[in-house]
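The values are calculated or read from the model by the stated rules, or taken from the named source; none is laboratory data. The shown structure was predicted, so the numbers you read here are calculated from the model rather than taken from an experiment. Heads up, the Cβs are rebuilt from the backbone with ideal geometry, glycines too, and the neighbour counts pull from every protein chain shown. Only protein heavy atoms, including side chains, enter the accessible area calculation; ligands, DNA and RNA are left aside. Shrake-Rupley method; radii C 1.70, N 1.55, O 1.52, S 1.80 Å.
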Amino acid sequence: MKLRFFALATAMAASGQASAATAGDICVQDLRAIPSFLLENDTGARQHLAQKGQAYFDLALANSTTAAAGAANSKACDVILENYVGMWRKGHLHVKPGSAQDVAKPSPAQPAVAGQAAPSREPSLQVLSETTVLLTLPSFHGRYRTAMAALLDTHRTTLASHPNWILDVRSNGGGSDATYAPLLQWISSGEMVNMGAEWLSTPANIDGQEKVCPLLAPGDQNCAAFSAQAVAQMRTVKPGDYAPQNDEGVISYTRLSPPELHQAARQPARVAVLVDNACASSCEEFLLAARQSFHVKLIGRNSYGALDYSNLRLHALPSGLRQLQYATSRSARLPHLQVDLGGIMPDIYLPPPKDEAARVQEIVRVQRWLEGGTLRPDGV
């Protein structure tokens with residue numbers, strides 16, 4: 001496909017103006033470096049171009065160039081560039097201010113409201129009745145992997161004695177598949193069918209893969225091993241081609257044994273996963289795995305839709321003031337089962353709650369339904 005993204009930006013660069021670079025000039029420089037890099041290295045870019053069309057992206061670049069040229073400062077430029085990459089894909093594609101080291105630093109904790117503790121993102125368990133428990137799972141970030149495993153192990157007797165489970169993953173923005181892995185053996189029907197992913201092999205993607213662990217997880221041997229395998233797989237194909245993440249192929253069939261329990265205990269008979277459109281990334285991967293069980297129903301609203309293109313890596317934009325965070329792998333589900341277009345549909349739809357009280361009431365309704373009652377809201 002013939003690409004015409006750069007005519008406007010190239011004309012501006014060739015104008016020969018000798019004045020000192022302004023914030024707008026620097027912003028335009030960074031902007032015009034993005035589309036060519038994405039089309040060569042991002043796993044979703046060419047598919048997005050085919051879906052949305054050349055005219056859509058020509059207009060997006062033209063409008064963003066005008067905005068970038070008028071950027072008053074670096075922060076204004078950050079917003080413009082983030083909006084621009086959002087026109088390519090709504091998730092798993094970002095422009096981050098700062099150097100690679102700055103982007104890799106953990107985000108500072110959000111300050112608590114005066115007189116209130118900051119909300120916890122750790123998994124928690126609440127016994128709702130003699131038959132029903134609630135597992136609240138606000139995040140699958142890797143930092144909560146140990147907490148998840150400890151929660152399931154510490155409370156295994158309680159979990160095993162309650163046949164109805166509610167798993168609340170509303171507002172779970174994802175994290176790591178390893179965090180929710182211990183949960184799958186509790187709710188699985190025995191076998192999981194897993195669709196793997198493919199790496200796009202390019203020099204930039206190999207370089208990003210080699211640098212990711214020292215930035216994000218220095219000293220983590222698991223990360224180092226994963227990265228080394230990724231680089232090895234990328235080197236098995238020529239630049240521009242895709243390589244499977246491992247030699248076993250893109251589809252696997254995994255047997256999951258239930259946790260060891262005393263004789264009278266059992267896995268849950270009914271599991272309701274409460275989901276909304278803020279469930280993204282690894283949270284959506286969890287939905288795809290959980291819904292394979294005979295015992296699981298997804299209840300709520302479509303998930304966010306940020307899963308098809310993943311394994312984000314960093315690329316410095318020309319100014320050195322910001323990093324492009326883009327995808328280096330794509331799911332082997334594509335193009336037959338796309339998640340990003342509309343998210344993952346629930347088995348049972350619930351309209352968005354109008355306020356926090358209605359949001360809390362969703363748990364009450366699901367509990368009542370699991371225990372043989374109705375999902376109907378109170379008073380209806």
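Restricting attention to segment 343-363, the residues being free of Cβ contacts under 8 Å to residues at least 60 places away in the same chain, surrounded by 12 or more Cβ atoms within 10 Å (Cβ to Cβ) and either over 18 Å from V296 (Cα atoms) or of a type in the set (S, T, N, Q) (or both) number 3. Screening L312 on (1) modelled with pLDDT under 95; (2) farther than 24 Å from I34 by Cα; (3) hydrophobic (A, V, I, L, M, F, W, C) shows it passes everything except condition (2).
Return a yes/no flag: does segment 60-77 have any residue that is among the charged types (D, E, K, R) and over 25 Å from the mean Cα position of the chain (by Cα). No, segment 60-77 contains no residue that is among the charged types (D, E, K, R) and over 25 Å from the mean Cα position of the chain (by Cα). Here T154 passes the criteria (1) within 21 Å of the chain's Cα centre (by Cα); (2) under 25 Å from E122 (Cβ atoms); (3) loosely packed, with under 14 Cβ neighbours inside 10 Å except the one numbered (1).
Pairing each residue of segment 167-183 that is under 12 Å from L287 (Cα atoms) with any residue that is buried (at least 17 other Cβ atoms within 10 Å of the Cβ) and of a type in the set (F, W, Y), provided the two are 6+ apart or on different chains, yields C-beta distances under 6 Å for G174/F140; Y180/F140; Y180/F286.
Screening segment 50-109 for helices (runs of 4 or more DSSP H) wholly inside it with 2 or more residues that are among the hydroxyl-bearing types (S, T, Y) returns the ranges 54-69, 74-88. The strands (runs of 3 or more DSSP E) falling completely within segment 274-380 that include 3 or more residues that are farther than 24 Å from Y242 by Cβ map to 296-300. For P182, the criteria (1) open to solvent by less than 20 Å² (accessible area, probe 1.4 Å); (2) under 20 Å from G142 (Cβ atoms); (3) not hydroxyl-bearing (S, T, Y) hold in every case but one, which is (1). Within segment 87-103, residues that are without any contact (Cβ under 8 Å) to a residue 60 or more places away in the chain sit with their Cβ atoms under 7 Å from residues that are buried (at least 18 other Cβ atoms within 10 Å of the Cβ) and part of a helix (DSSP H, G or I), at 6+ positions apart or across chains, in these pairs: M87/A60; W88/L38; W88/A45; W88/H48.
Restricting to segment 195-254, and then to whatever is of a type in the set (S, T, Y) and in contact (Cβ under 8 Å) with a residue 60 or more places away in the chain, can you tell me which residue is least open to solvent (accessible area, probe 1.4 Å)? Among those residues, the one meeting the criterion is T202.
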